[in-house]
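A.B. asks: Structure incoming, see below.
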Amino acid sequence: MLFLIRVGPAGNPVGYLGSTVNVFSKIRAMGLDAYEYQATYGLRLKKENAIRIGENSRKNDILVSMHGPYYINLSSAKKETVEKSIERLFDCAVAAELMGAYRIVFHPGFYGDHGRSGAIGLCIKALDELIERLHGAGIRKFTLAPETTGKRSQVGSLDEIIKLSEEFDEVMPTIDFAHIHARGGGCIRDASSYRGILERIESRLGSHHLHCHFTGIEYTDAGERKHHSLSEGYGPPIEPLIEVLVDGGWDATIISETPMKDTDARKIKGIIKEYLER
């Protein structure tokens, strides 16, 4: 059913000049029903505005998530970098509770000299400390959502993100299909590719609400290079994803991260509608 798959932009629609607080009626008028607040270059949000975002998003039935700062690194060799990353995620969780954001998306870190297992161990340790601090501060309504990453130097393969999610009740994955595609050298080609990804998630985490990102993507041997709009012909293909989500009965939110984020979000909505009407 259509209402089980929400779609919306990563940030405000292209060309929108108004306040984020008031963007939700615009998003609803576009036929969209999700929105990812962008704190990617730092969280600068007054408490009263966070509360108003929550009020206006609920009024317009827009499901809100938040993307934390890009410069979070929970696996850094520098203790102060990890501490600052924990503090930034703590602040995001506080704001997310005020605005009713159901996921706090972030890139976990980099492998560096630790290797894959060492870096994952450091991320788990940092997340444990972060969650303990949040509980100690009385913050309960949060779900941390580490994202599959697009560069091979980053912590964030599908299995690594699932591993982080297995460790804590308060952690669930963000599945960026374009990042998986780029990291795997163009590995997502058809419905079976998507089905394999979702089956791995379901077998290890159960069937939960799927939070995911989508864009066309250009990549090199190192992984992600550049995002592209859906009309530019870059993979991964969107239609097989919709087929697998609908046929599998997945409850999902798709956040469009293309340069034409709102236009492409509407295209995705249209593809869902067309598939359901077949």
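The values are calculated or read from the model by the stated rules, or taken from the named source; none is laboratory data. The structure presented is a predicted model; accordingly, all values stated were derived computationally and were not measured. Here the Cβ positions follow ideal geometry from the backbone for every residue, glycine too, while neighbour counts run over all protein chains shown. Protein only, heavy atoms only, side chains kept; ligands, DNA and RNA dropped before computing areas. Shrake-Rupley method; radii C 1.70, N 1.55, O 1.52, S 1.80 Å.
A.B. asks: Would you mind listing the strands (runs of 3 or more DSSP E) fully within the stretch 176-256 where at least 3 residues are in contact (Cβ under 8 Å) with a residue 60 or more places away in the chain?
C.D. replies: Once the strands (runs of 3 or more DSSP E) in the stretch 176-256 are filtered for at least 3 residues that are in contact (Cβ under 8 Å) with a residue 60 or more places away in the chain, what remains is 252-256.
A.B. asks: A further question on this structure: Of the residues 113, 159, 128, 91, only one is open to solvent by 20 Å² or more (accessible area, probe 1.4 Å), part of a loop (DSSP other than H, G, I, E, B) and not aliphatic (A, V, I, L, M); which? Lay out the reasoning, then the answer.
C.D. replies: Details: 159 fails: part of a loop (DSSP other than H, G, I, E, B); 128 fails: part of a loop (DSSP other than H, G, I, E, B); 91 fails: part of a loop (DSSP other than H, G, I, E, B).
It is 113.
A.B. asks: Moving on to the next point. If you check 257, 239, 277, which single one turns out to be under 25 Å from residue 156 (Cα atoms) and out of contact with any strand residue (DSSP E or B) (no Cβ under 8 Å at 6 or more places or on another chain)?
C.D. replies: 239
A.B. asks: Go through the stretch 57-88 and count every residue that is farther than 18 Å from residue 11 by Cα, in contact with a strand residue (DSSP E or B) (Cβ under 9 Å, 6 or more places away or on another chain) and assigned to a loop (DSSP other than H, G, I, E, B).
C.D. replies: Residues that pass the stated criteria total 5.
A.B. asks: Considering only the stretch 73-88, how many residues are buried (at least 22 other Cβ atoms within 10 Å of the Cβ) and free of Cβ contacts under 8 Å to residues at least 40 places away in the same chain?
C.D. replies: The qualifying residues number 1.
Residues are listed down the side, and each one gets a yes or a no for (1) modelled with pLDDT of 95 or more; (2) open to solvent by 60 Å² or more (accessible area, probe 1.4 Å); (3) within 20 Å of residue 278 (Cα to Cα); (4) touching a Ser or Thr at 6+ places or on another chain (Cβ under 8 Å):
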residue	(1), (2), (3), (4)
219	yes, yes, no, no
223	yes, no, no, yes
227	yes, no, no, yes
231	yes, yes, no, no
236	yes, no, no, yes
241	yes, no, yes, no
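A.B. asks: In the stretch 131-156, how many are assigned to a loop (DSSP other than H, G, I, E, B) and modelled with pLDDT of 95 or more?
C.D. replies: 11
A.B. asks: Show the residue pairs meeting these rules: Cβ distance below 7 Å; 6+ apart or different chains; first residue within the stretch 14-26 and assigned to a helix (DSSP H, G or I); second residue aliphatic (A, V, I, L, M).
C.D. replies: Short answer, once both residue conditions are applied: 20/53; 21/53; 24/62.
A.B. asks: Still on this model: So in the stretch 15-32, with the set limited to residues that are more than 17 Å from residue 259 (Cα to Cα) and touching a Phe, Trp or Tyr at 6+ places or on another chain (Cβ under 8 Å), which one is surrounded by the fewest Cβ atoms within 10 Å (Cβ to Cβ)?
C.D. replies: Out of the qualifying residues, it is 26.
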